[in-house]
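A short worksheet on the structure shown next.
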Amino acid sequence: MTAQRFLLGAATVVTALLLQLTVVSRLPLPGAAPDLLLVLIIAFALAEGPMAGMVTGFIGGLLADGLSAHEIGRLALAYAVAGYLTGLLHDETERSTLQPFGAVALGALTALGAYAVEGILLGDPRITLYPVLRAALSSVPYDVVLTPFVVPLVAGLVRRLDVDPLRRL
Amino acid sequence: MRGSRRLRLTLVLLLLTAFTLTALDYNTAQNGPLAALRRGIDTVFGPLEGVVGGGASSVGNALSGLPRLGSYQSDNKKLQQENARLNGTIASMAGLQCQVDQLNQLMHFIKFTDYHPVPAHVVAVGPAGAFEWTATIDAGSADGIKAGMSVVTGAGLVGRTNGVTPHTATVLLLADPKFTVGGTLISQASVGFATGNGSKPMTYSLASTRSVVRKGDVLLTTGSDTYAPGVPIGTVTSITPDTNAISRTATIVPFVDVSSLDLVGVITTKTPTAPRVPFRPYGPGPSPTSSPCRAAVPQGPVPAASPTPRVTVAPRPSGSSTPSGSVTPSGSATPGGPVATATRTP
């Protein structure tokens, strides 16, 4: 983890969060809005593995928590779990072109599930069947649609920083 | 192997940290141990949101003019340029016209209710989009905004301010399931609470099982320590007939569509400036059934030209109208009736 790598993570996470708050959340789409930050976290997980995925997920989630109306730490946990799980797919030797799409779908469903379970444990009145289903049927497919725009971009940025790809852990 | 152990250790550590933070922040509205962290993040991101949000809306305005450029098929270069320029002007004029309309509506609201809202733009919409309904506005404590104030548009209630930083504030929108506001049906002087329901209409639970609720009844805020009274919330669309419940519920469709907000106002004054009218017993006058309240109340957004704008001040006295209904000698009078009369007779 060099300073450069940290700066890349911080800059992309802050950009994604700002775009999420000002543009993506306000798109007149039916259902719930896509989650740009989560797609970014999964892209980092796919490019660098579970450690990068969960650390980026935790920090990004913590920032998103601070800007929302629920308890701090909930999105941090959900995104860290999603980043860890999708990061496990990073090592696959033969990568099909469809793999990132599947990973984003898996990560988005994981984050949604983790957030919903936390909500149930905390007795959050916002977590009921209808909004969870609505998010699973709208937000998750939208995230998959964002994949070809975010995943190659992040992979390219990470590769540019990495001098020796074999030394990656 | 060592790598995967370290990985799992970090995962457990991060999850425990997240859990601890959640536990620390649980059920602490504004003053928990993590309030400073939240305020810090808000203070840093708020101005950035304002910058990006403003840029994004002008990009949107520019983009909305583009399709018209493509359809123009003339080989005259000068005309094309002229056309492009005019289309750009039209696009930005449309944006301006939209703002003028919203300002007009807000101005009308001011005239209509005697409130003087602080105008603000919605610059961002909360991140947990699927479950939470929040928005960030570009006015904060420097403009006199405090937590818990009513946020309105010209059409009615939008929500209440939640977290406030010097130049931005977070608004909990009325669709949020954690949003609850005291509401009074204008024709009933009923007491109850309206609660947000996400993307579905709001639920209004009445304290009394005897009150007669009709479709199309208009719900106003009751007012409290922080809430401004008399702000229109929405209309009744259906009534749940639960026979053995201890309260009745009705479905309320809000006047304001919180999914498309731009210009809003924050009511910073506690009560309207009109002085409280001393109570007078309801004497002979118009029959209580022909109460002017129902007619004077907006059906949808506040009408542009209402003949009797002052009557909507009635909701404020309507706080005192609950007693007036029971004190009135004429007994079964609809409490809405005497209120309007009381305000009229000085």
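Selection over the range A:86-105 of residues that are surrounded by fewer than 24 Cβ atoms within 10 Å (Cβ to Cβ) and within 10 Å of another protein chain (Cβ to nearest Cβ) gives a count of 1.
Residue-by-condition table, conditions (1) under 23 Å from residue B:51 (Cα atoms); (2) at pLDDT 90 or above; (3) surrounded by fewer than 20 Cβ atoms within 10 Å (Cβ to Cβ); (4) not aliphatic (A, V, I, L, M):
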{"site": "A:12", "(1), (2), (3), (4)": "yes, yes, no, yes"}
{"site": "A:25", "(1), (2), (3), (4)": "yes, no, no, yes"}
{"site": "A:43", "(1), (2), (3), (4)": "no, yes, no, no"}
{"site": "A:56", "(1), (2), (3), (4)": "no, yes, no, yes"}
{"site": "A:78", "(1), (2), (3), (4)": "no, yes, no, no"}
{"site": "A:83", "(1), (2), (3), (4)": "no, yes, no, yes"}
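Name the single residue that is modelled with the highest pLDDT among those in the range B:22-60 being more than 7 Å from chain A (Cβ to nearest Cβ) and in contact with a Leu (Cβ under 8 Å, 6 or more places away or on another chain). The selected residue is B:24. Quick one: is residue B:19 under 16 Å from residue A:124 (Cβ atoms) and modelled with pLDDT of 75 or more? So residue B:19 fits the description; yes.
Of the conditions (1) of a type in the set (A, V, I, L, M); (2) more than 11 Å from chain B (Cβ to nearest Cβ); (3) within 19 Å of residue B:14 (Cα to Cα), residue A:3 satisfies every one except a single condition; which number is it? Every condition holds for residue A:3 apart from (3). Any residue in the range B:164-183 that is away from chain A (no Cβ under 14 Å), more than 21 Å from residue A:68 (Cα to Cα) and β-branched (Val, Ile, Thr)? No, every residue in the range B:164-183 fails to be away from chain A (no Cβ under 14 Å), more than 21 Å from residue A:68 (Cα to Cα) and β-branched (Val, Ile, Thr).
Scanning the range B:184-201 for residues being without any contact (Cβ under 8 Å) to a residue 24 or more places away in the chain, within 12 Å of another protein chain (Cβ to nearest Cβ) and either touching a Cys at 6+ places or on another chain (Cβ under 8 Å) or of a type outside the set (Val, Ile, Thr) (or both) gives a total of 2. Evaluate the range A:106-115: report whether one residue or more is out of contact with any Cys (no Cβ under 7 Å at 6 or more places or on another chain), free of Cβ contacts under 8 Å to residues at least 60 places away in the same chain and within 9 Å of chain B (Cβ to nearest Cβ). Yes, the range A:106-115 has at least one match.
In a residue-by-residue description of the range B:160-179, the property of being assigned to a helix (DSSP H, G or I) and closer than 22 Å to residue B:105 by Cβ applies to no position.
Please work out if residue A:113 is under 30 Å from residue B:5 (Cα atoms) and either surrounded by fewer than 12 Cβ atoms within 10 Å (Cβ to Cβ) or among the basic types (Lys, Arg) (or both). So residue A:113 does not fit the description; no.
Each residue in the range A:129-153 was checked for being buried (at least 17 other Cβ atoms within 10 Å of the Cβ) and either more than 18 Å from the chain's Cα centre (by Cα) or within 13 Å of chain B (Cβ to nearest Cβ) (or both), and 10 of them qualify.
Comparison of B:183, B:196, B:154 shows that the only residue that is surrounded by 24 or more Cβ atoms within 10 Å (Cβ to Cβ), at negative phi, part of a loop (DSSP other than H, G, I, E, B) and under 14 Å from the mean Cα position of the chain (by Cα) is B:154. Checked across the range B:131-143, the condition of being under 15 Å from residue A:20 (Cβ atoms) and surrounded by fewer than 24 Cβ atoms within 10 Å (Cβ to Cβ) holds for at least one residue. Of the candidates B:273, B:289, the single residue that is β-branched (Val, Ile, Thr), farther than 21 Å from residue B:187 by Cβ and modelled with pLDDT under 85 is B:273. Pairing residues of the range A:60-79 that are at the interface with chain B (Cβ under 7 Å from one of its Cβ atoms) and in contact (Cβ under 8 Å) with a residue 40 or more places away in the chain with residues that are among the aromatic types (Phe, Trp, Tyr) and in a loop (DSSP other than H, G, I, E, B), at Cβ distances under 7 Å and at least 6 apart in sequence or on separate chains, gives A:71/B:26.
Return yes or no: is residue B:84 at pLDDT below 70, surrounded by 13 or more Cβ atoms within 10 Å (Cβ to Cβ) and over 28 Å from residue B:164 (Cα atoms)? The answer is no for residue B:84.
The values are calculated or read from the model by the stated rules, or taken from the named source; none is laboratory data. All figures in this text were calculated on a predicted structure; none of them were measured in a lab. Neighbour counts run over all protein chains shown; Cβ positions are idealised from the backbone, glycine included.
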